[in-house]
Each structure stands twice: as structure tokens, then as C-alpha cells.
Amino acid sequence: MQSWLPFPESASTLSGEVDALYLYLCGVTLFFTLLIYGVLIYFVIRYRRRNPSEIPRPIEGSTKLETLWSVIPLLIAMTFFVWGAKIYFAQYRPANNALEVYVVGKQWMWKFQHATGQREINELHVPVGQKVKLIMTTEDVIHDVFIPAFRIKVDVVPGKYTTEWFEATKPGRYNFFCAEYCGMNHSGMRGYVEVMEPTEYENWLSGNAGQASPAAAGRELYESLGCVSCHGANAEGGRGPALIGVYGSKVVLSGGPGVVADEGYVRESILNPQAKLVTGFGPIMPSFQGQISEEQLLQVVAYIKSLSTAKPENPTAKPPPPTAGASAKPTASPKK
Ligand code: CUA
């Protein structure tokens, strides 16, 4: 933004607005500081005691004045609130149609995986002018992904997924940091976001191709862990709900309200299947806690997402056809 201000570089669609709000807060603060001290100094001089016997006129107070000095600050404070809430919702509501990147933090490094399979450590390549959504978790303690140039900062918490998104507005290399004290090498837990022109990014992707996409790796896990024997494409056997189209939909739970099947719900259903039982199914699924790493869990989640027609994001994942009838290829035949 203003290059004469000691701000970090401004390189996302939201950073200009965050800076503007910050400057507005500073401006209002400065204005009232000067006003209060100015009036204070003026009154001290103007109404000073001029001779020792002087006694001031008694003042009973003024309702009009008191109402004014309550209502005006309230209105000013509400501008902070409304503007801040607007930016907050823009920033923390997950973005649609975003490029998804899976992030796993651990003492003391950041591991990234793109939806097309490319892996990176402490470096993240993204295209300019496109929304990028980070789906984040950690293998150990709490970390925090802080990218000053994009004005975003979100904790990465053990046992759950958090997300943040940005849309970079200019190519370049931007620092990111871990912003939650996480042990001895916390300060070294950092890296760069490399924002590239779209064609350059495509070249980078194809130059690093050849790794299985998270969804494809997830499908293999899904089969090797035996999930398929209960969660067949069309709920064969009736032991578990069918998973096609589940991601992003509303799931009806037994004895309770429904829940939207997001990444967090899928994760919980794998690690703690009894927590939210789908109506009509018994508590028979074993927990996979301890049998699957955070990265593998993300891959299974990516696979289950790829089964949802609402979000066809993985050209390489080849999800089975969503309709009933012809038993879908990859998940139809139980392997064990
Ligand atoms: Cu990770 Cu601080």
C-alpha cells in the first residue's frame, strides 16, 4: 500500500482493506488524542485559579452533554465494528472455487501438498490472481500460518482442520512464519510463498508432476484399510452409509440435528466414528485413531471429497459415477 509507511508488502486482494481499516483506527485514535490533550491544555490555562479566594460556580451537570458524549463515541465505535466484521467475514469464510492446498505443520517445518500431488517443504508455489485455500493441521503442537504480505494468520491445531485463504495480486516471493511459539526452533519454522504468473505456475506444476494426487493416494488407503467393505459406492451390505455426494451435503444424524459434512466432519467420522452417527446406522465402525497419519488422513478426506459431484476439483482422481445402478468401479468390489 503506502510505501512510505513501515508496512509489510501488500500483495493480496484483502491486504489493502486491512491496511485501510488499520489506518482508520490509527487516524481516529490520533484525532481524539490530540483533541483531548488540546482541550485539556486549553482548559487548564483558561480556567486556572487567578486569586486564592476565587471559588468556582457550582455545576449540576448536563444531561444533553452527557448523552452527546455517550452517543457520538458509540457511533464511532460501531464503524470499527461494522468495518472490522465485514473484513473478518470476507477473510474467514472459506473461499469457493479455490485451489486447495493441504498443509501439515510439525516441529519444525511446513509440509504442503497440492491437489494434483506435488509436495513441498517450507515453500509454496501458487498462481497470481486465483484464490488459494489452505486446509491445515499439525502432527504435534499448535502452530500458526502467518503470511504478512497477505494479512492472514490462522492457528494450526492438533486434532482438527483449520482453513485460511488468499488471492495474491502480484507475483513475487513472500515470507511466511509460524506465529505460535512451538518449541526450540519456532523462529526457524518459516518459508516462502512463491507467487507466479499462471503459465509459469502451470510449468512448475508439470515440472513436478508424477506424484499421486492426495485423492488418488486416499483411494488406495481407502481400499487397503478395508473401508470399502462397508462403505461401498452404493452402500452395499448396508453396514455404512454410501459416501458418494456426502461431502458438502447435510447429513442427518440419529437423535440429533443434521451436520454439514465438511473436512472436519469426515475427519471426526474416521477417528471417532461414534461421535456423530448417521441416522439408520449402528455404532459398529472401529476407530482409525493411531492407524493413520495426519497426511494419510488428509488424503482419505481428499478422496471422499472427490466423490462429491458438487466439487469436482481433482481431474486425476477419477471419482466413480455418482448415480446408483451400475456398480461403480473403484469402490464396488470389497477387498477383504
Ligand atoms: Cu511452529 Cu512456532
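The values are calculated or read from the model by the stated rules, or taken from the named source; none is laboratory data. Every value quoted in this text rests on a predicted model; they were computed, and no experiment measured them. Positions of Cβ are generated from backbone atoms using ideal geometry, with glycine treated the same way; all protein chains shown enter the neighbour counts.
Name the pairs: first residue in segment 88-109 and in contact (Cβ under 8 Å) with a residue 12 or more places away in the chain and acidic (Asp, Glu), second residue part of a loop (DSSP other than H, G, I, E, B) and away from the ligand (no atom under 16 Å from the Cβ), Cβ to Cβ under 8 Å, at least 6 apart or on different chains? As it stands, the answer is Glu100/Ala115; Glu100/Glu313, since those pairs meet every condition given.
A quick yes/no check of all residues on (1) out of contact with any Lys or Arg (no Cβ under 7 Å at 6 or more places or on another chain); (2) of a type in the set (A, V, I, L, M, F, W, C):
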position: Val128; (1), (2): no, yes
position: Val132; (1), (2): yes, yes
position: Ile135; (1), (2): yes, yes
position: Thr138; (1), (2): no, no
position: Glu164; (1), (2): yes, no
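The residue pairs whose first member lies in segment 280-294 and is at negative phi, whose second member is outside any loop (DSSP other than H, G, I, E, B) and not charged (D, E, K, R), and whose beta carbons are closer than 7 Å, counting only pairs six or more residues apart or on different chains, are Ser287/Leu271; Phe288/Ile270; Phe288/Leu271; Gln289/Leu271; Glu294/Val104; Glu294/Thr137. Filtering segment 258-279 down to residues that are in contact with a Ser or Thr (Cβ under 7 Å, 6 or more places away or on another chain) and part of a loop (DSSP other than H, G, I, E, B), which residue is surrounded by the most Cβ atoms within 10 Å (Cβ to Cβ)? Ranking the candidates gives Ala261 first. The set of residues in segment 104-117 being over 25 Å from Tyr181 (Cα atoms) and either of a type in the set (Val, Ile, Thr) or within 16 Å of the ligand (Cβ to nearest atom) (or both) consists of Thr116 alone. With respect to the conditions (1) in contact (Cβ under 8 Å) with a residue 24 or more places away in the chain; (2) away from the ligand (no atom under 14 Å from the Cβ); (3) surrounded by fewer than 21 Cβ atoms within 10 Å (Cβ to Cβ), Glu120 falls short on a single one, namely (1).
Within segment 99-113, does at least one residue satisfy the condition of being surrounded by 10 or more Cβ atoms within 10 Å (Cβ to Cβ) and part of a loop (DSSP other than H, G, I, E, B)? Yes; the residues of segment 99-113 include at least one that is surrounded by 10 or more Cβ atoms within 10 Å (Cβ to Cβ) and part of a loop (DSSP other than H, G, I, E, B).
Within the option set Gly255, Gly245, being surrounded by 14 or more Cβ atoms within 10 Å (Cβ to Cβ), of a type in the set (Gly, Ala, Ser) and at pLDDT below 80 holds for one residue only, Gly245. Picking from residues in segment 295-313 that are touching a residue at least 24 places away in the same chain (Cβ under 8 Å) and in a loop (DSSP other than H, G, I, E, B), the one that is nearest to Tyr222 (Cα to Cα) is Leu307.
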